[in-house]
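See structure below.
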Amino acid sequence: MVEFDEETFLSLYRDKIKAFIRDILSTNLIRNNIFEFDIEEFLRTYPEACEINDAIIEHPRKVEDVLNYLFREVYVELFGEDKEIGKIQIAFKNPIGCEKRIEDISSSDISKLVKFEGVIAKAGKVCALLKKACYVCPRCGNIRYVTIHNYFELPKIRCNNKDCDSEMKLDLEESSYINIQELEIQQPIDLMKNPDDPPRSIKVFLENSEGIYSGRVDVVGMVMKKRTRPNLPVFEIYVKSNYIKLNESYQKIEVRDILNNPDLIEILNELGKKRGIIDILSQYLIPQIKGYEIVKKAIFLQQIKGCMKFLPDGTPLRRDSHILLITDPGIGKSTMLRRIAKLFPQNAYASVTTATGGGLTANVVRESTEIGDGWVVKPGVFVRANEGTACIDELTVDKNVMRYILEAMESQTIHVNKGGINVKLPAKCAVLAACNPKRGRFDPNMGVIEQIDIPAPLLSRFDLIFPLKDKPDRKKDDEIAEHILNTHIETATKEFKILGEIDIDGIKVDEGILKNYIIYARTCAYFEENHALYLGDVDERKLKTPHLTDKAKKIIKDYYINMRKLGEGDNPIPITARQLEAIIRISEMHAKARLSRKVEEEDAKAAISIIEECLKEIAYDPETGAFDIDKVAGTPKSKMQKMDIILDIIKELSAISENNLAGEDEVIEKAQEYGISELECEDLLEKLKKNGEIFSPKFGYYRVT
Ligand SMILES: Nc1ncnc2c1ncn2[C@@H]1O[C@H](COP(=O)(O)OP(=O)(O)OP(=O)(O)O)[C@@H](O)[C@H]1O
């Protein structure tokens with residue numbers, strides 16, 4: 001390491017640095033007591049001063065002290081003396097050549113500047129850190145201000161008056177403090193050399209923090225060491241930082257990569273023109289699973305996401321479609337979910353068998369921390385999947401967990417308020433959930449909805465619900481067996497056909513092209529008008545996106561009106577506005593998936609056919625032989641009628657009884673006159689009790705509320 005000589009440094013860079021600081025101070029306000037020294041910007045202004053970057057990386061603290069001193073000179077020249085100036089800190093931004101993976105940060109980096117990317121795995125409370133310590137000499141009254149760099153040991157300061165050498169005392173009242181927050185940053189799986197290794201993490205002390213609790217971040221900081229035990233020469237590594245930036249969303253970064261690659265754009269645009277491109281790419285999305293074409297298509301469209309739309313007041317409309325797979329065992333649901341979770345860094349997988357409610361949403365727990373009172377926020381899967389897809393397997397194994405999932409899906413934010421930490425974390429993600437039926441396998445003699453062990457409020461959150469039954473079918477079984485055997489042969493011989501790249505009219509499509517196509521479509525980057533936005537500062541509100549044509553709007557409206565007609569009179573209500581919005585969202589996804597500038601008839605028809613595929617499986621009421629969307633909301637029309645009959649029976653019996661109560665046996669006996677079996681009557685009584693429509697003041701007796 002080249003030694004740092006302050007004299008030489010000042011002689012080389014003093015004037016350039018002061019001029020650079022003066023320019024910035026003359027045009028920018030200082031936010032949050034941080035002056036960001038943008039190294040890239042400085043080198044663009046003074047390209048001949050390139051060694052300064054190495055000096056900063058090798059000796060960040062010494063250069064920071066010199067810059068602090070020069071900053072103060074310029075500040076006083078421009079604005080005069082200011083007692084607040086002592087609190088202002090220098091933050092290094094955009095250093096060049098010190099990017100590292102978390103797993104590569106080691107003792108050789110101690111006291112050096114590093115830049116790394118990671119996901120916030122834990123975030124403590126924002127506390128106050130003694131930054132500029134005021135020391136007073138008890139003998140001669142001399143005062144000294146000392147910047148504290150090492151949090152774990154306060155320096156012993158002696159008086160520097162010529163005839164006094166007393167040890168000075170710390171005056172906490174006159175010292176100045178800054179915010180500090182303890183974070184644990186975890187290496188993202190997509191940046192791991194070996195994704196199967198346990199992810200590495202590092203402790204970061206963020207100075208001047210405004211409070212950051214989740215997200216993927218870029219960190220620039222100095223590697224420090226902290227003795228693990230007083231008399232042991234062993235040190236723990238951590239990073240002291242005052243520059244942390246929420247990573248730009250992956251879409252923006254990837255779009256830039258695409259837009260800077262004209263050949264790739266040409267391939268993607270060509271693909272968008274191919275007939276049946278959506279069906280082809282949907283099948284290629286999950287190559288290891290044979291069949292379930294419409295499910296894979298819905299999952300592919302879910303990855304494309306709907307159009308970003310905002311109300312006049314700036315409120316974003318939900319553009320994600322939530323999908324639920326309810327399958328017999330061994331269908332391949334876990335394989336599908338894991339495949340989607342691995343597709344993009346912002347997609348995440350969790351199984352309710354191992355996750356807790358907090359693990360899925362966010363937890364505030366007490367942990368051993370270096371600073372603060374130990375309360376830390378641990379973002380869960382929904383927060384980590386922000387802007388992506390949360391793949392939740394075995395959804396129904398824990399009823400308590402479903403309550404957490406409902407909140408996340410309704411508000412797309414996770415609110416945590418515990419241990420003095422009160423924050424809202426973003427969880428704008430699509431949900432791809434999967435579970436088995438109530439009894440583990442579908443019973444062909446019961447309706448689908450009765451076999452779904454999910455509370456109605458959560459069930460109705462899903463735009464698309466696919467019950468996948470494992471019915472023996474010679475042709476299908478033959479195809480699946482052939483497919484599984486071939487994929488196993490391919491993985492053994494490494495000659496990939498099914499799992500390898502595909503050829504679409506001469507265009508070779510591999511996983512990379514597929515991912516780029518999805519991002520290209522999802523972000524509407526195929527609109528030339530959006531290129532400038534993505535190459536500059538992206539403002540989603542200004543993005544051009546496809547919109548419904550009149551013909552598409554008419555098709556959707558006619559479908560909705562006709563389906564609602566089925567609900568006239570005493571018929572069950574077949575569809576609600578929520579399904580209408582789902583059709584709009586899926587139509588937009590379909591248009592984007594073929595790189596269309598408009599949502600046209602074919603998109604509307606495709607969306608309706610997907611919705612119909614679901615409705616016919618889950619909202620079909622065998623008793624009435626019609627669609628009944630209330631089945632999804634929990635009570636089909638025919639069941640609603642039966643509940644009304646039971647209520648009337650209880651009212652009649654209560655009116656003529658001495659104790660004004662209806663006995664269960666009489667209710668069951670009377671109900672049989674209306675064709676309601678004993679078992680069903682007991683089920684209906686339970687439902688009515690749960691709805692609070694009846695209550696039981698005495699065991700075996702009921703009264704209408
Ligand atoms: N249609 C299919 N095509 C190819 N492989 C399949 C298909 N269905 C199941 N498999 C294979 O069967 C195995 C079981 O799949 P998986 O574990 O995803 O089933 P599952 O639906 O999650 O089962 P469970 O509900 O019991 O968890 C996997 O190796 C999967 O690749």
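Along the axis of the charge dipole computed for the chain (Cβ charges of +1 for Lys and Arg, -1 for Asp and Glu, origin at the Cα centre), the listed residues MET222, ILE645, SER696 are led at the positive end by MET222. A crude spin-label estimate for the pair ILE507 and LEU172, with each label 7 Å from Cα along the Cβ direction, gives 6.7 nm. Full extension of the chain segment joining LEU406 with ARG31 gains 131.2 nm, where the gain is 0.36 nm per residue of separation less the Cα-Cα distance.
Here LYS18 and LEU246 are evaluated by their C-beta separation; at R0 = 30 Å the FRET efficiency comes out at 0.45.
Would you mind checking the pairs LYS297/LYS476; LYS296/LYS605; LYS469/LYS553 and listing those with alpha carbons more than 22 angstrom apart? Exceeds cut-off: LYS469/LYS553.
Listed by Cβ neighbour count within 10 Å, with the fewest neighbours leading, TYR69, TYR250, TYR349 appear as TYR69, TYR250, TYR349. The angle separating the long axis of helix 250-259 from the principal Cα axis of greatest extent in the chain is about 80 degrees. Restricting attention to the chain, close to 70% of DSSP beta bridges with both partner residues there are antiparallel. Cross-link partners of LYS112 among lysines, defined as those whose alpha carbon lies under 21 angstrom from its own and excluding same-chain residues fewer than eight positions apart: LYS62, LYS93, LYS100, LYS131, LYS203, LYS225, LYS226, LYS240, LYS245.
Summary of the geometry: region 448-485 and region 181-259, compared by the centres of their Cα atoms, lie 41 Å apart. Evaluated with a Cβ-only charge set (Lys, Arg +1; Asp, Glu -1), region 102-241 carries a dipole of roughly 500 debye about its Cα centre, given to the nearest 20.
In terms of its Cα atoms, region 635-704 spans 34, 25, 17 Å along the principal axes, sorted from long to short. Bridging of LYS115 to aspartates and glutamates at a Cα separation below 14 Å is possible for ASP38, GLU40, ASP54, GLU58, GLU99, GLU103, ASP104, ASP218, once same-chain residues fewer than 8 apart are set aside. At full extension, LYS83 and ARG139 could sit 17.6 nm farther apart than now, given 0.36 nm per residue minus the alpha carbon distance. Axis angle, to the nearest 10 degrees, between helix 60-79 and the longest C-alpha principal axis of the chain: 80 degrees.
Estimate the FRET efficiency between GLU682 and SER111 by the formula 1/(1 + (r/R0)^6), using the beta-carbon distance for r and 60 Å for R0, to the nearest 0.05. With a Förster radius of 60 Å, E is 0.25. The phi torsions of region 682-699, fed into the Karplus equation with coefficients 6.51, -1.76 and 1.60 and a -60° offset, translate into couplings of 4, 5, 5, 4, 4, 4, 5, 5, 5, 6, x, 7, 9, 9, 10, x, 9, 3 Hz, rounded to whole numbers, with Gly and Pro shown as x. Translational diffusion coefficient, Stokes-Einstein: compute it for the chain using the Kirkwood radius over C-alpha pairs as Rh, at 4 °C and 1.567 mPa s, and state it as an integer in µm² s⁻¹. Rounded, D is 43 µm²/s.
Averaging the sequence gap over all C-alpha pairs within less than 8 Å and six or more residues apart, then dividing by the number of residues, gives region 635-704 a relative contact order of 34 percent. Projecting the Cα atoms of GLN451, ILE504, HIS488 onto the charge dipole of region 445-558 (Cβ charges, centred on the Cα centre) puts GLN451 farthest toward the positive pole. When only the Cβ of Lys, Arg, Asp and Glu is charged (+1, +1, -1, -1), the dipole of region 6-93 relative to its Cα centre reaches about 260 debye. With the charge dipole of the chain set up from +1 on Lys and Arg Cβ and -1 on Asp and Glu Cβ about the Cα centre, the Cα lying farthest toward the positive end among the listed residues ALA607, ALA662, TYR349 is that of TYR349. Sorted fewest first by neighbouring Cβ atoms within 10 angstrom, ARG31, ARG256, ARG229, ARG139 come out as ARG229, ARG31, ARG139, ARG256. Note that region 1-79 carries a Kirkwood radius of 13.1 Å, evaluated over its alpha carbons pair by pair.
The dipole here belongs to the chain: it is taken about the Cα centre, uses +1 on the Cβ of Lys and Arg and -1 on the Cβ of Asp and Glu, and is about 620 debye. Counting neighbouring Cβ atoms within 10 Å and putting the fewest first, the residues CYS140, CYS429, CYS435 line up as CYS140, CYS435, CYS429.
Between LYS698 and ASP328, the contour length at 0.36 nm per residue exceeds the Cα-Cα span by 129.1 nm. Mean separation of Cα pairs under 8 Å and 6 or more residues apart, divided by the residue count, gives the chain a relative contact order of 10 percent. Legend: calculated FRET efficiency, ILE498 to PHE527, from the Cβ-Cβ distance at R0 = 45 Å, rounded to 0.05, equals 0.85.
Bear in mind these aren't lab numbers, they're just calculated from the coordinates by the rules spelled out. Just so it is clear, the structure is predicted and the values come from calculations on it, not from any experiment. Positions of Cβ are backbone-derived with ideal geometry, glycine not excepted, and every protein chain shown enters the neighbour counts.
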